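Read through the structure below, which is laid out as structure tokens, and then see the notes.
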Amino acid sequence: MVENEAMARHTTFKIGGPATYFFDAKNKEDIACAVKAAEQLRIPYLMVSLGSNMLVSDAGFDGLVIKTSARATKAEGNLLYAEVGLSLAQLVSAGQAAGLTGMEFAATIPGGVGGGVRGNAGCYGKEVGNFVHSVECIEGGEVKTLSKQECEFAYRESRFKKHGGVVLAATFELEQGDVAASRTQVVELMKKRAAAQPVEYSSVGCIFKNVEINPSFTSPYNKGRMGGVTIPPDFLTKGIIPTAWIIDKVLGMKGVRVGNAQISEKHGNFIINLGGATADDVMTLVKKVQHGAREKMGVDLRTEIELVGF
């Protein structure tokens, strides 16, 4: 364990002040022991694997950061077991090595199994939760295994995100498939991601959740309008308004910069670190976008990332 570890070293944003205590947990047992100790001592704790979906404040985290480095995998039939610290790209590769396919989309998500399960990460119309068979976790100081249904997956949500608990490992249900075709698909998806997203900069992926249109709530959408903005028919049909579209086409905020943080000119729902950006720089941009969306469309944009220390 170390003290005053800069969290900028452990997040993909390369932003974040010091953690009072920092522990690198190499296996599930280490994680469980660290969680138990923190709870007994009543010390706030934060789980971090790749740090790819969080913004840590410039003041840091006054508590224990548990770095989850457990990465063991095991395949049995159509089931693939993976520990919390394994990256989603490594998960896809481990599946391919066992002849299992189906989660190619996940290789493009720069996160770990733990964060992917907790936040039900997704892209290209698929979500991690779609493939979960069961999850091993700690809840109320007890290690337990939950079924897919018990995990309460929803759009960028899960039982763990809503109610707490620590993911230790997950078992995914995949399918025996054409591994060569699977690898080709991953390469194509990675090219697609590189063309559409600012992968050359430090970021945390999409900042905001997309806007879900509730069909039963019709008044703001009369005649295809939200506030003073006409919503494209295909968005209304799908029931989802991409936040990147709002930021680009409605707010015209692509490229807006505060300090060394900038709304990407390539993808409106990304904020990038141009080098030396602070958490305050990023939060100023977040609030500007939220204010603009509220003023022009009457919609409250919700962040998809975890905000630590705010």
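For segment 24-129, calculate the relative contact order in percent as a whole number, restricting contacts to Cα pairs under 8 Å that are 6 or more residues apart. It would help to have the intermediate numbers written out before the result.
Numbers: 158 pairs, mean separation 24.2, N = 106.
Normalised by residue count, the contact order of segment 24-129 is 23 percent.
Among the chymotrypsin sites (Phe, Trp or Tyr not before Pro) in segment 199-304, those placed in a DSSP loop whose Cβ has at most 10 other Cβ atoms within 10 Å are PHE217. Cα-based radius of gyration for segment 129-266, normalised by 2.2 N^0.38 Å, reads 1.38.
Solvent-accessible surface of the chain, taken per residue with a 1.4 Å probe and all protein chains present: 46 Å². Residues whose amide H comes within less than 5 Å of that of LEU86, counting only those at least five positions distant or on another chain, are VAL113, GLY114 (H built at 1.01 Å from N in the peptide plane).
The alpha carbons of segment 78-150 give a radius of gyration and a Dmax of 12.1, 37 Å, in that order.
Once R0 is set to 41 Å, what does the formula 1/(1 + (r/R0)^6) return for the Cβ-Cβ distance between ARG257 and GLN185, expressed as a FRET efficiency to the nearest 0.05? Provide the component values of the computation, followed by the final result.
Values: r = 36 Å, r/R0 = 0.87.
Computed FRET efficiency for ARG257 and GLN185: 0.70.
Kindly state, as a whole number, the per residue volume in cubic angstrom of the convex hull around the alpha carbon atoms of segment 232-273. Spell out each step's value before the answer.
On the way: hull volume 2.5 nm³, N = 42.
It is 59 Å³ per residue.
Once you reduce segment 115-190 and segment 1-78 to the center of their Cα atoms, the two points are 19 Å from each other. Using the alpha carbons alone, the radius of gyration of the chain stands to its Kirkwood radius in an Rg to Rh ratio of 0.97. The three principal axes of the Cα atoms in segment 58-192 give end-to-end lengths of 46, 36, 26 Å, sorted in falling order. In this label model, ALA59 and LEU274 are separated by 2.8 nm, measuring between points 7 Å along each Cα→Cβ vector. Counting every pair of alpha carbons in segment 207-310, the share spaced more than 19 Å apart comes to 43 percent. With the convex hull drawn around the C-alpha atoms of segment 126-194, the volume per residue stands at 112 Å³.
Anything over 21 Å Cα to Cα? Flag those among LYS161/LYS249; LYS14/LYS67; LYS36/LYS161, in the order listed.
On the way: LYS161/LYS249 31 Å; LYS14/LYS67 16 Å; LYS36/LYS161 19 Å.
LYS161/LYS249, as the Cα separations exceed 21 Å there.
The values are calculated or read from the model by the stated rules, or taken from the named source; none is laboratory data. Predicted model only: the values in this text are computed from it and were never measured. Using ideal geometry, Cβ is built from the backbone for each residue, glycine included, and neighbour counts are taken over all protein chains shown. To get the accessible areas, we keep the full protein, side chains included, count just its heavy atoms, and leave off ligands, DNA and RNA. Shrake-Rupley method; radii C 1.70, N 1.55, O 1.52, S 1.80 Å.
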